Every structure is written in structure tokens, then in C-alpha cells.
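The values are calculated or read from the model by the stated rules, or taken from the named source; none is laboratory data. Being a predicted model, the structure only gives us computed values, none of them experimental. Using ideal geometry, Cβ is built from the backbone for each residue, glycine included, and neighbour counts are taken over all protein chains shown. Keep in mind that these areas ignore ligands, DNA and RNA; they rest on the heavy atoms of the full protein, side chains included. Shrake-Rupley method; radii C 1.70, N 1.55, O 1.52, S 1.80 Å.
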Amino acid sequence: MSQTAQARPATIYFVGAGPGDPELLTLKGRRLLDSADLVVYAGSLVNPALLDGIRAECHDSAGLDLAAIMNLMIPAGRAGKLVVRLHTGDPAMYGAIREQMQWLEREAIPYLVVPGVSSAFAAAAALRRELTVPEQTQTVILTRQAGRTPVPEAEALPRLASIGASMCIFLSVGMMEQVVADLLAGGYAATTPVAVVEKASWPDERILRGTLEDIAGLVTEAGIRKTAMILVGPALDDAGQSASRLYAEDFSHGCR
Ligand code: SAH
């Protein structure tokens, strides 16, 4: 039988903080933060403004290892306190929540996950682009360049690029030349549009638009080294004429 949030009261919540703008937090996330006793937040990317005025004891996890994080959360959870583990964007993307959840499973401490707005979608919003364009691409690939964390060979960037879909590339702007080389090796034309959005939704957000030919130079020139999303694919090109049939006059549909 499936369990609902109501049937399984949790004391520990993994909450997606969104990309930066404090208004890009779910109402559920806001309510949990406001009533939390303990908040452990990923300080390198979570906007501290989210914590303004809350009554919880707050800890930045940036300097903590897994055991230290769990040793903060578990006693509080056991004591029935409301614990929020705040992760940037959506916790399902590069959130490293799996090992925390497994630890909680072993300790039989109930927890739930509250989604957030991923930086992939905040970046698309900043660009005012739809990533799925009819007759062009209907697929979005969320991935990264191999770094200190390896990427399985089957998912190597050239291989994914060969699909020709829209791609959102996380954690990779510091290796922009390699990213470009891999995308070209995979078969994207040098004229394929690429955008880099640094700190999407923050007040100091920066947007670079180019093609595979010039984007690496633009990134170097701008000095962007981290906290940026790379978006690539023909869908970013605004000149295309294809429109969704969803709102066409002669198209009846249950999803409008
Ligand atoms: N869970 C997060 C991703 C964490 S990995 C999410 O869903 O967004 C960290 C990477 O996410 C960064 O290296 C960068 O590629 C991206 N990122 C996080 N916040 C960002 C932002 N505000 N703007 C652009 N990219 C961001």
C-alpha cells in the first residue's frame, strides 16, 4: 500500500530551497522553515535570506561532514523536534541526500522530501525559453561534466550530446572548454545556441548567450567559474517558427 504524507508523520524534512530568490520556495517549504526547531542548510548555495526571522537553531553544513550533519539532525529528530535539511534548488539533483536518507532509514527515523525549483528551470526562466519545442526537441537532459565525481561512461557528454536534445549542464562551468569540446564531439553544430546563467534568480544574476563557437571565450572574459547553469540546444534559438499545437484553434486537448 502506498503511504501518504499524512499517514507517515515525519520529523525530518529535506526541503528544496530553490535557486536563490527567496520567493522561489514552495509554500510548504516556507511553512516548515517557519515552524522548524533546527535547520541545517547548505550554506554555499542556499540564500541566507530564507532564514531571516525564523526561530530555529540554524547550522551551515558547508564545513560539516556526513556524520556531523547526521549527529546534529538525529538527536533532534528523535526528540520529536521539527528538523529541516535545506538543500539548494531541488534536492533530487546533485543534492547528496541519498546517503542522509539511507542513514535515517537505518535509524528508523521518518523523513519526507519537499521539492524545490531547480536551477535548471530558474535558468530557463531567466532566458525566457521553453526547453521543449515541437518538431525540434521534446527531451531535456539534466547532466554534468565528469569532475571529482566521475560520470559513467555510458553517460559521457559526447554521447548525450549526440541525441541533439536540450541539455542543462550542472557543476561544469569551470570546465567550459572541455564541455564545448565534448558537445562538438557529440555532433552539435558549432552554431548551436548555448547560454550560461550565473546565479539564476539572485540579484547579481548574469546571462551569457552565444554559440558553441564563442561561449567558452565569453565565460572566460566574464570570469564565471561557479554557480552557473549551461543550457544548450536548438530550442534556445528564438528564430524557430514551430509552435505547440496545444493552443491551436483546431486542437482539442485535456491539458490546457
Ligand atoms: N540541487 C541543485 C543543484 C545542486 S548542484 C538544483 O536543483 O539546482 C550545484 C550546481 O547547480 C552548480 O554548480 C550550478 O551548476 C547549479 N546552480 C545552483 N544554483 C544555481 C543558480 N542560482 N544559478 C545557476 N546555476 C545554479
(request) Looking at (1) surrounded by 15 or more Cβ atoms within 10 Å (Cβ to Cβ); (2) under 15 Å from the mean Cα position of the chain (by Cα); (3) not aromatic (Phe, Trp, Tyr), find the lone condition where Ala96 falls short. (result) (1)
(request) Please specify each residue of region 56-72 satisfying the condition of being out of contact with any Asp or Glu (no Cβ under 8 Å at 6 or more places or on another chain), part of a loop (DSSP other than H, G, I, E, B) and either open to solvent by less than 20 Å² (accessible area, probe 1.4 Å) or not small (Gly, Ala, Ser) (or both). (result) Ser61, Leu64, Asp65
(request) Can you run down the residue pairs with Cβ atoms below 6 Å, 6 or more apart or on separate chains, where the first is in region 33-46 and in contact (Cβ under 8 Å) with a residue 12 or more places away in the chain and the partner is assigned to a helix (DSSP H, G or I) and of a type in the set (Gly, Ala, Ser)? (result) Leu38/Ala76
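Filter region 164-177 down to the residues that are within 13 Å of Thr220 (Cβ to Cβ) and not aliphatic (A, V, I, L, M), then identify the one that is surrounded by the fewest Cβ atoms within 10 Å (Cβ to Cβ).
Filtering region 164-177 down to residues within 13 Å of Thr220 (Cβ to Cβ) leaves 173-177.
If we keep only those that are not aliphatic (A, V, I, L, M) as well, we get 174, 177.
On the way: Gly174: 14, Glu177: 12.
Step by step, filter region 164-177, then rank; the result is Glu177.
For Asp65, indicate whether it is more than 30 Å from Arg206 (Cα to Cα), of a type in the set (D, E, K, R) and more than 16 Å from the ligand (Cβ to nearest atom). Steps first, answer last, please.
Values: more than 30 Å from Arg206 (Cα to Cα): yes; of a type in the set (D, E, K, R): yes; more than 16 Å from the ligand (Cβ to nearest atom): yes.
So Asp65 passes the test.
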(message) Any residue that is open to solvent by 30 Å² or more (accessible area, probe 1.4 Å), at pLDDT 95 or above, hydrophobic (A, V, I, L, M, F, W, C) and within 30 Å of Val219 (Cα to Cα) - is there at least one of those in region 127-147?
(response) yes
(request) Say whether the condition of being free of Cβ contacts under 8 Å to residues at least 24 places away in the same chain and either open to solvent by less than 40 Å² (accessible area, probe 1.4 Å) or in contact with a Pro (Cβ under 6 Å, 6 or more places away or on another chain) (or both) is met by at least one residue in region 73-84. (result) no
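Among the strands (runs of 3 or more DSSP E) lying completely within region 76-168, list those that include at least 3 residues that are closer than 30 Å to Asp60 by Cα and within 14 Å of the ligand (Cβ to nearest atom). Quick ask: steps written out before the conclusion?
Numbers: elements: 83-87, 111-114, 140-144.
Counting at least 3 such residues, we get 83-87, 140-144.
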